[in-house]
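Scroll down for the structure; my scribbles are underneath it.
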Amino acid sequence: MEPLGSSSAPAQGKKITLNASTLSLAVMVTIFLVAVVFAANQNDVIGWLVVVISLGWLLLSAFLVFGLKRGAAKMTTQLKAATAAAASRGQGGATSPVTVDEATRNRDLKLDHSFKIIQVQTKVVNEYRVQEGAEAAGMVARALETIEITASNARDMMKPSGRSEPMTGEVID
């Protein structure tokens, strides 16, 4: 049995390893056989009682050893399957990191700047809308024109390149 996390290919034949579980099972078999031999030689009740007790311990030990090995083998296969699934999700799934090219980043920065301009001009409109006079009306008109131009340019940035030219005009802060 190879250790968890080992990526080496399994050996051609089953390799017998001497670990604590096989050693304890071998000791229990030896104790059982010695108890049977002594009980058969002396043929008394206490000898056979020792045989039954050693047989019970042998069966318990065998159950634990083989059960734990089978459980460890199942856990190893589940761990390998989970690792493979996680690796395949990481390569092309939705959890992989998003790569943004420089052009997309620049466009997003320009769009962000356009939205900031629109926010500033909206404040200007709200500030001068309540005022009276030609100067206030001119500021509102210029702010609305700036919002229109900026919104048009931002919409054009979102379209595939080459479809239309952005609006031009004088922007007055």
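The values are calculated or read from the model by the stated rules, or taken from the named source; none is laboratory data. Keep in mind it's a predicted model, so treat the numbers as computed, not measured. For neighbour counting, all protein chains shown are included, and Cβ atoms are generated from backbone atoms with ideal geometry for every residue, glycine included. Protein only, heavy atoms only, side chains kept; ligands, DNA and RNA dropped before computing areas. Shrake-Rupley method; radii C 1.70, N 1.55, O 1.52, S 1.80 Å.
Tabulated data
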| item | result |
| --- | --- |
| Residue 96 being closer than 22 Å to residue 170 by Cα and modelled with pLDDT under 90 | no |
| Answer from 49, 58 - the residue that is among the aliphatic types (A, V, I, L, M) and either touching a helix residue (DSSP H, G or I) at 6+ places or on another chain (Cβ under 7 Å) or under 20 Å from residue 25 (Cβ atoms) (or both) | 58 |
| All positions within segment 103-128 that are open to solvent by 70 Å² or more (accessible area, probe 1.4 Å) and over 18 Å from residue 154 (Cα atoms) | 123, 126, 127 |
| Test result for residue 77, at pLDDT 90 or above, open to solvent by 50 Å² or more (accessible area, probe 1.4 Å) and farther than 19 Å from residue 35 by Cβ | yes |
| Filter result (over 53 Å from the mean Cα position of the chain (by Cα) and surrounded by 14 or more Cβ atoms within 10 Å (Cβ to Cβ)) within segment 129-140 | 136, 139 |
